[in-house]
Amino acid sequence: MHITDWETHRKKLLKNPRVRKALKENELEFQIAKALIEVRIKKGLTQQDLAKKLKTKQSVISRVENAQTTPTLSFLKRLSQTLQLPLHIRFG
């Protein structure tokens, strides 16, 4: 799917009130997933590589990256320490 195809599809999806509601309810999970994917790729790590560094399973990383779960604060702290990146949490 090309970017323009995705944008067209996204606009169509967002016309559906149920889709908009689901996105709003899961916004935090999507933001975490996006941030994790971006930093993992920037560091040149596969899900398996990251899982090994975190002493967890690849499926855990996959679930977080697919916004199927909300990671605990302790997981995020471990991730931050492992990747040697600061963890910032904001409201607003």
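What ³J(HN,Hα) values, in whole Hz, does the Karplus curve 6.51 cos²θ - 1.76 cosθ + 1.60 give for the stretch 81-88 when θ = phi - 60°, with x put for Gly and Pro?
Result, ordered by residue: 5, 4, 8, 6, 10, x, 9, 10 Hz.
In this model, which of LYS15/LYS43; LYS34/LYS55; LYS12/LYS52; LYS12/LYS57; LYS11/LYS55 are farther than 32 Å apart at the alpha-carbon?
LYS15/LYS43; LYS12/LYS52; LYS12/LYS57; LYS11/LYS55
Within the stretch 39-92, which trypsin sites (Lys or Arg not before Pro) sit in a loop by DSSP and count at most 10 neighbouring Cβ atoms inside 10 Å?
LYS55, ARG90
List, in order, the whole-Hz ³J(HN,Hα) value for each residue of the stretch 57-65 obtained from phi through the Karplus relation with A = 6.51, B = -1.76, C = 1.60 and θ = phi - 60°; use x for Gly and Pro.
Whole-Hz 3J(HN,Hα) from phi for the stretch 57-65: 9, 4, 4, 5, 4, 4, 5, 5, 5.
Calculate the spin-label point distance for LYS53 paired with THR69, positioning each point 7 Å from the Cα along the beta-carbon direction, and give it in nanometres.
Placing both labels 7 Å beyond Cα along the Cβ direction yields 1.9 nm.
Please name which of GLN58, LEU36, LEU76 has its Cα lying farthest along the dipole of the chain towards the positive end, using unit charges on Cβ (Lys, Arg +1; Asp, Glu -1) and the Cα centre as origin.
Checked the options; the winner is LEU76.
Can you match Rg and Dmax of the Cα atoms in Å to one of these, (i) 22.3, 75; (ii) 15.1, 42; (iii) 17.5, 56, based on a calculation from the structure here?
Among (i) 22.3, 75; (ii) 15.1, 42; (iii) 17.5, 56, the one calculated here is (ii).
Read-outs: derived from the displayed coordinates by stated rules, not from any lab. Treat the numbers as computed from the prediction; the structure is a model and nothing was measured. For neighbour counting, all protein chains shown are included, and Cβ atoms are generated from backbone atoms with ideal geometry for every residue, glycine included.
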